[in-house]
Amino acid sequence: MNKRIGKPFNSIFSWIIKKRIHQIDLFKKHPIEVQNELLETLVHKATYTEFGKKYNFNLITDYNSFKKHIPLQDYTSLKPYIDRNIKGEQNLLWPDDVKWFAKSSGTTTGKSKFIPVNKEAVEDCHYKGGKDLLGMYYNHHSTTQLFNGKHLILGGSSQINYFNNESYFGDLSAIIVKNLPWWCEWRRTPKKEITLMDNWEEKLPKMVASTIHEDVMILAGVPSWTLVFLKQVLAFTKKDNIMDVWPNLELYMHGGVNFEPYRSQFEAIIKNKNMNYVQTYNASEGFFAIQDQVKAEDMLLMLDYGIFYEFIIPEELNKENPKVISLQEVKVGVNYALVISTSAGLWRYVIGDIIQFTSLKPHRIKVTGRTSHFINTFGEEVITDNTDKAIQIACEKTKALVREYTVAPIYMEANETGGHEWIIEFNEPPEHLDLFVEVLDSALQGLNSDYEAKRSNDLTIRMPIVHIAKTGTFYDWLTSKGKLGGQHKIPRLSNDRILLEEILTLMNKPNN
């Protein structure tokens, strides 16, 4: 019966997407015009909000006056408005009612943020992103019948919680699942009560048991936790190939971290050369980009999701008057901190991500790191994109498989040079760790000229120190922080030693 229902739905969806592909082609051809028109709409709509009155939105006529009137914002500067919004006040940052707040952990460190999410942001940004992803996929795979099967979404481990009778919070994925349109909920698995379970260790076996007999065609989730889930599926079913459990599986939609370090691990357990992997770039603050080309490593920046984009070279961030530019001024190959203004009331908000343009016609990007996740203790300016690629090269050359890793600086002492200290948890450790470290160091030098200069003759930075963590170490650390499952990620890089020392302490406990 499901396949009979799914067949016409596939045809209807295929017809609808042709219209949307035309709209996407339009903003690809006229990106600046689309963004400028969007900015005008956002400012006009919020002119008589409290924020709009404070910063004279009525005097804003173009991008230059927008920059002049509104200072850059971060969560701290917007928090007073959000706190009042949570208590029920409205018309503060955005004129429409805001009752949902996405609890954003970002990473496993720091206090939670509560990002406003209104109906407009859910429907015209987050849901639109999901529909567009499937639409682009259909556009490249015209014979696919995805709606004949189920969509397994590995969302956050969070219930919807109440601040009061007027406002609610939860992981963004929980808010999305709670409000899914019928056409998506109809094909989703597992049931909502399991998906929204708060305890990851209780939730995981229930998800496995409730989905292994479904005809799953789509998987979606953060790579690290999706791998944990898939390995549980194989253990429960006593199989060694996910295709033996879900023979019609054809698409994995992923985001949150760089997929390349995980690709070989997925291919080892999803033994299907025709499996498709598509990446997205979305966060609590918005849905930003989608991989629009088959087997590509970059993503199309989505310009009509109610988000106006600005960009800052990371070195400018701590300046009193940083230089901020619009889409019209960006260049290929330069790292930029992302700044957004949205239809949920985030104005000139520095989101904390670093991106790089790979193309300007159309505007395609890749995520290269976080403004808070880097190592620059000695002027080496190492970002996550560097270490992810270096790990990938070292694994390829030594036939190792890395599950998780984190890196921190070793500070200079007396006559000793500084360095980098790594903790790596392997799925398959290298036969010779010294060779792995040598290749890792060499690859990082090849990728980052500043690191290479500091490594020259061990002048400032000596050979990396690498600790092998036993299987489950990072899982145990996440457990100790109450951060299991869903969207939680291990910070790859830290410019201090706090995280690294915590994990080293855990590794050195007697029962470990």
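Some values worked out for this structure:
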| item | result |
| --- | --- |
| Scope the range 267-287; condition touching a Phe, Trp or Tyr at 6+ places or on another chain (Cβ under 6 Å) and closer than 20 Å to residue 233 by Cα; matching residues | 277 |
| Some residue of the range 230-246 being surrounded by fewer than 19 Cβ atoms within 10 Å (Cβ to Cβ), among the aromatic types (Phe, Trp, Tyr) and not assigned by TED's automatic domain parsing to the domain that holds residue 364 | yes |
| Qualifying residue in the range 256-266 (condition: under 26 Å from residue 148 (Cα atoms), in the same structural domain as residue 185 (by TED's automatic domain parsing) and of a type outside the set (Phe, Trp, Tyr)) | no |
| Out of 364, 403, sole residue that is at pLDDT 90 or above, under 23 Å from residue 508 (Cβ atoms) and buried (at least 17 other Cβ atoms within 10 Å of the Cβ) | 403 |
| Elements of type strands (runs of 3 or more DSSP E) contained in the range 249-344, each with 1 or more residues being surrounded by fewer than 22 Cβ atoms within 10 Å (Cβ to Cβ) | 251-254, 276-283, 307-312, 324-326, 335-342 |
| Residue among 393, 410, 461, 423 that is touching a residue at least 24 places away in the same chain (Cβ under 8 Å), touching a His at 6+ places or on another chain (Cβ under 6 Å) and not assigned by TED's automatic domain parsing to the domain that holds residue 257 | 423 |
| Residue 512 being modelled with pLDDT of 85 or more and not aliphatic (A, V, I, L, M) | no |
| Near pairs, Cβ below 9 angstrom, 6+ apart or cross-chain, from the range 51-73 (outside the structural domain of residue 32 (by TED's automatic domain parsing) and assigned to a helix (DSSP H, G or I)) to any residue that is buried (at least 19 other Cβ atoms within 10 Å of the Cβ) and not hydrophobic (A, V, I, L, M, F, W, C) | none |
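The values are calculated or read from the model by the stated rules, or taken from the named source; none is laboratory data. Everything quoted here is computed from the prediction, not taken from an experiment. Counting neighbours? That spans all protein chains shown, and the Cβs are built from the backbone with ideal geometry, glycine included.
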